[in-house]
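*Asks:* Before I ask anything, here is the structure I am working with.
Bear in mind these aren't lab numbers, they're just calculated from the coordinates by the rules spelled out. Bear in mind the structure is a predicted one, so any value in this text is a computation, not a measurement. Quick reminder, even Gly has a Cβ in these numbers, built from the backbone with ideal geometry, and neighbours come from all protein chains shown.
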Amino acid sequence: MKIHGLQKMTLLDFPGHVACTVFLGGCDFRCPYCHNFELAELSAPAVMEEDELFHFLEGRKGLLDGVAVTGGEPCLRRELPDFLARIRDLGYKIKLDTNGAHPDTLRRVLDGGIADYVAMDIKNSPEKYARTVGLQKLDLAPIRESVSMLTAGQTDYEFRTTVVAELHEAEDFEKIGRWIAGARRYFLQAFADRDSVPFGGLHAPAPEEMRRCLDIARRFVPASQLRGVD
């Protein structure tokens, strides 16, 4: 497996752990607000081979205790469960980021007890999902399956939505809330613009609008919280 990025230490990507973040290339979505668009479309070259990554991880035992695996979309890769198991065999805790579009791979990870934490994106309310992920149409059945798998399973998890003023409205969070009602955790994170975002002209909602959306979400997921809002 080729590795498309490595952040050698982070205290943010895997809360509660001193971790590194491994970036895998390729994604089936084209979200206009994506921070890693060059990874999604594979225009960024790989930075190392798998064996080089494991050499790095071998040398960081005792310094790092976790590995966050993100993308792109890691679950695009059928070999992901074996890759994560190899990381686990080194003694690391594992966090997996996913868009939920590949429930078969996610199920293999969950059934194998390979991940300690899964963070799954909920892009928008069902009616606006395709537009939000940059596609003409989208079958939501796989994403619904992943939601159900996480809420019914034993692996710790969170759902999260990156909130963009041009894509989200307050009423979307009632629809999302009804969809994921009773979830363990739900984070609304404010969009932050970067040079890597593929489309310009997007903005974070005002803090008061974020708090309004949070109040709606909390009616269905009491543990909902804000990220990236002062």
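*Asks:* How many lysine pairs are close in segment 42-155, with Cα atoms under 23 Å apart and the two 8 or more places apart or on different chains?
*Replies:* Value for segment 42-155: 5.
*Asks:* When you count, for each residue, the other Cβ atoms within 10 Å and take the mean per peptide, how do 124-137, 51-64 rank with the highest first?
*Replies:* Ranked from most to least packed, the peptides come out as 124-137, 51-64.
*Asks:* Okay, helix-only estimate at 222 nm for the chain: each DSSP H run of n ≥ 4 adds -39500 (n - 2.57), divide by all residues, round to 500 deg cm²/dmol; what do you get?
*Replies:* Rounded to the nearest 500, the figure is -8500 deg cm²/dmol.
*Asks:* How many angstrom lie between the C-alpha centres of segment 101-155 and segment 163-225?
*Replies:* 17 Å
*Asks:* Hey, another quick one. Which value, in debye to the nearest 20, describes the size of the charge dipole of the chain about its Cα centre when Lys and Arg Cβ atoms bear +1, Asp and Glu Cβ atoms bear -1, and nothing else is charged?
*Replies:* Computed charge dipole of the chain: roughly 500 debye.
*Asks:* Could you check the spin-label model distance between Ser148 and Arg212? Points 7 Å from the Cα along Cα→Cβ, value in nm.
*Replies:* Distance between the two pseudo-spin positions: 3.4 nm.
*Asks:* How far, in nm, would the chain grow between Leu140 and Val18 when pulled straight, counting 0.36 nm per residue and subtracting the alpha carbon separation?
*Replies:* My answer for the length gained is 40.5 nm.
*Asks:* Sort Asp116, Asp172, Asp89 so that the residue with the fewest other Cβ atoms within 10 Å of its own Cβ comes first and the one with the most comes last.
*Replies:* With the sparsest Cβ surroundings first, the list reads Asp89, Asp116, Asp172.
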